[in-house]
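*Asks:* Dropping a structure here in structure tokens format, bear with me for questions.
Bear in mind that the values in this text are calculations on the coordinates, not laboratory data. Computed from a predicted structure; not experimentally measured. With ideal geometry, Cβ positions are generated from the backbone for all residues, glycine too; neighbour counts draw on all protein chains shown.
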Amino acid sequence: MNVKEKLFQAINARNTIECSYHEKKRFIEPYHFGILGGEEQLHCFQYAGESESGGIPQWRNLKLQDIRSIRILDSHFLIRESYHPENAHYSFIENGIYRR
């Protein structure tokens with residue numbers, strides 16, 4: 001299974017993920033995947049791990065091409081009140097969590 005397929009599986013099941021991004025270990029909740037700034041990206045909430053820009057926990061957009069060593073964790077997450085997909089400015093969302 002490639003990185004994109006693993007991301008879709010985690011989004012659909014609301015599983016948390018451990019991954020490496022810019023050589024930093026991150027623990028994230030994946031919310032949606034699509035096109036932002038002409039590139040495939042994941043909109044997620046980073047709740048633990050490391051970051052170049054600091055500020056954890058924080059909402060992040062991770063470029064698909066830079067996500068490495070992805071592992072789907074057994075833990076699940078609830079949709080955060082602060083999740084508003086329309087605020088992420090994606091031109092296209094291929095897969096995502098939506099409030100019912």
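*Asks:* Dipole of the range 3-96 (Lys/Arg Cβ +1, Asp/Glu Cβ -1, origin at the Cα centre): which of GLN46, ILE72, TYR31 lies farthest to the positive side?
*Replies:* Checked the options; the winner is ILE72.
*Asks:* Using 7 Å Cα-to-Cβ label points, what is the SER91/SER51 separation (nm, one decimal)?
*Replies:* Spacing of the two 7 Å Cα→Cβ label points: 2.6 nm.
*Asks:* Which aspartates and glutamates have a Cα lying under 15 Å from the Cα of LYS6, excluding residues fewer than 8 positions away in the same chain?
*Replies:* GLU18, GLU29, GLU40, ASP66, ASP74, GLU94
*Asks:* Calculated FRET efficiency, SER20 and HIS76, Cβ-Cβ r, R0 35 Å, to nearest 0.05?
*Replies:* 0.95
*Asks:* Quote to one decimal, in nm, the extra length available between VAL3 and GLN65 on full extension: 0.36 nm per residue of separation minus the C-alpha distance between them.
*Replies:* Going from the current span to full extension adds 21.4 nm.
*Asks:* Now for a different question. What ³J(HN,Hα) values, in whole Hz, does the Karplus curve 6.51 cos²θ - 1.76 cosθ + 1.60 give for the range 28-37 when θ = phi - 60°, with x put for Gly and Pro?
*Replies:* Once θ is set to phi - 60°, the couplings for the range 28-37 become 9, 10, x, 10, 7, 10, x, 10, 9, x Hz.
*Asks:* If you don't mind, another one. In debye, nearest 20: dipole of the chain around its Cα centre with unit charges on the Cβ of K, R (+) and D, E (-)?
*Replies:* Around 200 debye, computed over the chain.
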